[in-house]
1. Rounded to whole Hz and in sequence order, give me ³J(HN,Hα) for segment 171-176 from the Karplus expression 6.51 cos²θ - 1.76 cosθ + 1.60, θ = phi - 60°, writing x for Gly and Pro.
2. What does the net charge come to around Asn222 if you take all other residues with beta carbon closer than 15 Å to its beta carbon, with K and R at +1 and D and E at -1?
3. Under 11 Å from the Cβ of Leu204, count the other residues' Cβ atoms, weight Lys and Arg +1, Asp and Glu -1, and hand me the total.
4. Once you sort the root eigenvalues of the Cα gyration tensor of segment 167-259 as a ≥ b ≥ c, which label holds: rounded (a/c under 1.5), prolate (a/b larger than b/c) or oblate (the other case)?
5. Which cross-chain or sequence-distant (5 or more) residues have an amide H under 5 Å from the amide H of Thr242, H modelled 1.01 Å from N in plane?
6. Starting from the amide H of Phe162, placed 1.01 Å from N in the peptide plane, find each other amide H under 5 Å away whose residue is 5 or more places distant or on another chain.
7. So for the pair Arg220, Val260, with labels modelled 7 Å out along Cα→Cβ, what separation do we get in nm?
8. Relative to the present Cα-Cα distance, how much length would full extension add between Trp27 and Ala65 at 0.36 nm per residue of separation?
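Bear in mind these aren't lab numbers, they're just calculated from the coordinates by the rules spelled out. Since the structure is predicted, the reported quantities are computational estimates derived from the model, not experimental observations. Cβ sites come from the backbone with ideal geometry, for glycine too, and all protein chains shown count toward neighbours.
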Amino acid sequence: MRAVRERIPVVVQQKSRGRRVAARGLWTGAELVVTLGVVLLLLVVHQLWWTNRQARAGAEHQVRALQREWGEERGGAVGGDPEGGSDESGDSGEPRGSGGRSAGSGTAHSAPRWDQAYAVIRIPRLGLVAPVAQGVSKSGVLDKGYVGHYPRTAQPGRAGNFALAGHRNTHGEPFRYINRLRRGDRIDVETRDAVYTYTVDRTLARTSARDSGVIAAVPRSNVKPYAGYAEAGSYVTLTTCTPEFTSRYRLVVWGKLMDVRSR
């Protein structure tokens, strides 16, 4: 008799293999999600913490540098030439300071160089101290934590509108809380030769980013004509983005020149 060979059936566990593949795919997907989350978190930390820290440190250093420079110049004038020195522009011939020996005087200086820090703004209510630089470029001025002076607007203390811009969020955010300013609050602008004190007079909570009227010589909104002024004077304008973390609209604060103290 022949021995009967029994064949052992081979069972292919298709379902188990499919489950392993699915589990591996889920694990890979979870790793990607976690990695993406960490990257996004690092980007947020960089924007909200590191750029502020870096910009504020640079801005504080610039304020100290300006004050040291001004102090040295005043000290040199006392001990040297009775006219205060032979060359206000320095050995290099490059202009220094605000557009004039005193922004309210008739002695002419060249305008500040582009991106040059040449004044210091102080807002006591906000605890703000920041350098003011010529121009409103992001890389050269605003992202450094500086307050930027709009070209073709008046210099501090001059008749017209001394118009400024600053970040509300990230990169030092010097104008983050200007929405808290109230009528009568003081805004001091210090230059080489004088301290100009403005007082807050009016605010415009929201207007178009293209509303150029708010920084005109006689500031008045083109979008909301009831907001602003109708008479010439010496004004300061602070502008920043609104709502926070967007750049869709502009928040505006206006002030009037109230006092000038020579240095």
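1. Rounded to whole hertz, the list is 6, x, 5, x, 9, 4.
2. Within the 15 Å Cβ shell, the charges total +4.
3. Working: positive: Arg202, Arg206, Arg220, Lys224, Arg250; negative: Asp211.
Net charge in that neighbourhood comes out at +4.
4. Values: a/c = 1.92, a/b = 1.16, b/c = 1.65.
The shape class here is oblate.
5. Placed amide hydrogens put Arg248, Tyr249, Arg250, Leu251 under 5 Å from Thr242.
6. Ala154, Tyr235, Val236, Thr237
7. So the two model labels end up 2.6 nm from each other.
8. Stretched fully, the Trp27-Ala65 segment lengthens by 8.2 nm.
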